[in-house]
Every structure is written in structure tokens, then in C-alpha cells.
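The values are calculated or read from the model by the stated rules, or taken from the named source; none is laboratory data. Please read these numbers as outputs of a predicted model, since none were measured by experiment. With ideal geometry, Cβ positions are generated from the backbone for all residues, glycine too; neighbour counts draw on all protein chains shown.
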Amino acid sequence: MRQRTLEARQHWDEAEQALGSCDFAAARGELVEFLRIRPGDAQAHFRLAQACRRDPCEDFKVAEEHLQAAYASGYSPAEINLENKLLAFQSTGESGESENALQSSLARYPESEPLILEALARGCIRSGRMSDANVWLDRWVKYHPEDWYARLWRGSLYQHLAQAPLAAHDYRQVLKARPERADIRKRLGLMLAASGYDYQEAFGYLEDALQHQADDADTLVALARCLHAERQPEKAKSLLSQVLAARPDHVEALISLSLIEIDLRHDLEALQVLRKLEPLVQQVDSLDAQDRLLRLDPITYPPRATKRLEKLLHLQGTVLRRLGRDGEARTYHKKLQRLQDDTAALTRAVLQQQERPRDADLLCRIGELQRKLGRDEEAENWLKKALQVNPDHHRTHQALSEYYETLDDPQARLRAAEHRRLAQGKM
């Protein structure tokens, strides 16, 4: 019996240590072992529920099961009620009742403010409301500056949003609290290289990262950019060739290679690389990027298709002009101008939508502009929002019908037919 008690105490102490370090996977393992010895411990069930929710892998089903077990074992109803609110919003991100309930809890449970702000931010990320998530993360950092985990979340969001200097600043603060985190040293190196603020410092972090992952493509591309900036183009090209031999469709490697060839005035070689990029720059998976952010593992190079396409068109025009192919260069310049006009129109529409959130015409317009810019997933979401406001909005039904017709999927064809029927006003 004494041995079992000692084992339980060891698992509990290690779980507490893991929770203090925000190592939720380790905490889950220790709490599961503790509950094998003490299956009716209400506090252990509650802590395990929290760990399952807060873990970047987010096991909401198991979290709910252990919350119910904690309640059945007599744990504090007030704490369980708050945890249920955290779970409800974080798992859906839906604006409305669950979000309002959680926001009102900030005043009622000031001692739980970091937990509430974290859940609010993660729920907003889940529903694609990155600006709202940023607001909650800013508040978390402002009022709890000693909490390195807040900085890690905000830095990850900045990385997702391609705000490399801001991400680097937060990662630097995380490293002060957790200098043993090799993954954060790598992230800092990547963001320093992306921001262009300090290539030499970035180089040190990136070389260290390669000691752990010698063939990591993103790290090699970032190192190549550092070498290019330090006027070592041949060494940079060697690293990029290594990446492209394994992953010939690595967009950032191709962009970096094209810039080196342009700087070397190897215009024909640059044009050849840019031609390879044409079918790739808009092949982005924004949902995968969002899922990666939710797992606290943001992608290194955010899938900003419009920015990539702008860069591609500009570089193609530049190279063609230098080659004396002025007619082709003008064609790319016109494409670039149309793209910039559509992007500006989208920005204006989104700003207007903030003032008129229930304007179905405006929501539909945003969806149409997103489609013109090649952002089909975002377009679909905006068009669905328009139908939530006005289920009979014919123009939105027509836009969704045209979108679904482009998908090679039997279910999509059925949806296209249904929206086409509704666009014509048929019941």
C-alpha cells in the first residue's frame, strides 16, 4: 500500500511539474498513471481534462469525459462550470452565446484570466478570426508579462501572419524563460532570416538547428537567404539545389533561387525558375496552415498566395524587360496592376464589412473578390456567411454554384446544382 502511495505521489509531482512547464502531453501521461492508482480522485480528473484541452493536440472528447468524472467525484462545481465554458468556445470558436459567456467570466474569475484569454484566442483562431485572436493574446501578454506561454502563442500567430519581426521579438522572450527549447531557437533563426534584421544571428540559430535536422528544407532555405544577403550566392545556390533535389516544388526555395539568378544577372536562368513557379504560387492550403497554428506549430512560410503572385509577376516583368522582351513584360505588368486593384478592393470591402457585419451584398462581394484572387477556401466561407445573413441571396447562390462546378467531386456537383436552383429563385 505504501509503495502505491509513493508511486501516486511521484506521478502527481511530475504531472504538476509538467503542467508548470506547459508540457501537457507529459502531464496527461502522468495523470493517467495517477488515476490508475487513484481512479476516483476528482482533482486528478479535473487536471487531466484541462491538460487535454490545453494540449496543442486538443483532445476535446477526452477532456469532456474527465470533466464529467470530476463532477461525479465531487469536484468544485464553479471550476467545472468555468472549464466547460472554456471547452465550449475553444472547441468551436463560434461567436455568440459561448463566446459572450466566456468574456463575462473575465470579470468573475480574475485569477483564471490567463486560462480564459488563452481559450478565447484559440477559439478565435479556430474560426479564422485572427485579428480577434491577436487582441486576446495582446491582453494576455500585457497583463501577464512573465507568462512565456502567452508569448509563444502570440509569436506563433505573428509567424502565421507573416509578421516575422514581431514573431522574432516574442520568440526571443520565450527563450529567456526557456533557453533549453531547441525548437524555439530554430523558430527565432527562421524569423530573423525572414525579417532581414540580423542575418548573422539567424545563421547561428539555423546552423544549430541543422545539427538536429540536417535535411530540414525550411531551415536550408533560410540559411540560403542568409548566405545570399552576405554575398555568398554560390553557397546559397548549393543549399537551394539540395532542397530542390528532394522537393522540386518548394515554392520558397524557387523564389530564393530566382532572386539569386536575377542578382547575378543570369536572366534566362531566372526566367526558367520563374516559369516553374507559375503553377505553384497559388497552390496554398490555408486550412492546413490554420490547423498547424492550432497545434502551436505554425508553418515557416505562410501561404500568402496574393503576395507570392505579386512578387512573381513583378520579377517576370523585370527579367523580361532586361531581356528586351518589352511586349511580354507589359503583359505581366498589366496582370500585376489588376491583382493589386483587386487586392485593394478586397481590403476596402473588408473594412466596410466591419461597419456593416450583416450586409449580405457586401459579404458576397468579399467572397467574389476572394475567388478572383485564388483564395477559394476563404471565398467559400465568406459566401456561406452571406447566406447565414440572407438564405435567399441569389447572387451568393450563383457564386457558390460557379465555385462548386469547378470541383471534381460528385458531392460538389450536387451542391452546385442546388445553389444554381436557388439562384434562379426556385424552391
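So the values come out like this:
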| item | result |
| --- | --- |
| Which numbered condition ALA305 fails, given (1) touching a Ser or Thr at 6+ places or on another chain (Cβ under 6 Å); (2) modelled with pLDDT under 90; (3) not charged (D, E, K, R) | (1) |
| Hits in the stretch 125-151 - residues which are assigned to a helix (DSSP H, G or I), at pLDDT 95 or above and either touching a Phe, Trp or Tyr at 6+ places or on another chain (Cβ under 8 Å) or of a type in the set (Ser, Thr, Tyr) (or both) | LEU137, TRP140, TYR143, TYR149, ALA150, ARG151 |
| Identity of the residue in the stretch 159-214, over 16 Å from TYR301 (Cα atoms) and outside any helix (DSSP H, G or I), that ends up modelled with the lowest pLDDT | TYR197 |
| Unique residue being over 20 Å from ALA305 (Cα atoms) and either buried (at least 22 other Cβ atoms within 10 Å of the Cβ) or of a type in the set (Lys, Arg) (or both) when the list is LEU240, LEU264, LEU268 | LEU240 |
| So GLU94, is it farther than 26 Å from ARG181 by Cβ, modelled with pLDDT of 95 or more and either charged (D, E, K, R) or part of a helix (DSSP H, G or I) (or both) | no |
| Test: residue in the stretch 363-375 that is touching a Lys or Arg at 6+ places or on another chain (Cβ under 6 Å), assigned by TED's automatic domain parsing to the domain that holds ARG304 and either closer than 28 Å to GLU310 by Cβ or free of Cβ contacts under 8 Å to residues at least 60 places away in the same chain (or both) | no |
| Residues located in the stretch 363-399, provided they are surrounded by fewer than 20 Cβ atoms within 10 Å (Cβ to Cβ), out of contact with any His (no Cβ under 7 Å at 6 or more places or on another chain) and among the aliphatic types (A, V, I, L, M) | LEU373, VAL389 |
| Positions within the stretch 140-151 being charged (D, E, K, R) and farther than 26 Å from SER286 by Cβ, in sequence order | LYS142, GLU146, ASP147 |
| Failed condition for THR318, given (1) closer than 25 Å to LEU254 by Cα; (2) within 24 Å of the chain's Cα centre (by Cα) | (2) |
| Unique residue being surrounded by 24 or more Cβ atoms within 10 Å (Cβ to Cβ), of a type in the set (D, E, K, R) and at negative phi when the list is ARG172, ARG181, ARG187, ARG247 | ARG187 |
| When residues of the stretch 6-32 are limited to those that are more than 33 Å from the chain's Cα centre (by Cα) and without any contact (Cβ under 8 Å) to a residue 24 or more places away in the chain, the one surrounded by the fewest Cβ atoms within 10 Å (Cβ to Cβ) | LEU6 |
| Search result, residues across the stretch 277-287 that are closer than 20 Å to VAL221 by Cα and crowded, with 16+ Cβ neighbours inside 10 Å | LEU277, LEU280, VAL281, GLN282, VAL284 |
| All positions within the stretch 129-151 that are under 13 Å from the mean Cα position of the chain (by Cα), in contact (Cβ under 8 Å) with a residue 12 or more places away in the chain and surrounded by fewer than 22 Cβ atoms within 10 Å (Cβ to Cβ) | ARG129, MET130, ASN134 |
| Conditions (1) in the same structural domain as VAL319 (by TED's automatic domain parsing); (2) assigned to a helix (DSSP H, G or I): number failed by ILE299 | (2) |
| Any hit, the stretch 324-333, residues being of a type in the set (Val, Ile, Thr) and touching a residue at least 12 places away in the same chain (Cβ under 8 Å) | no |
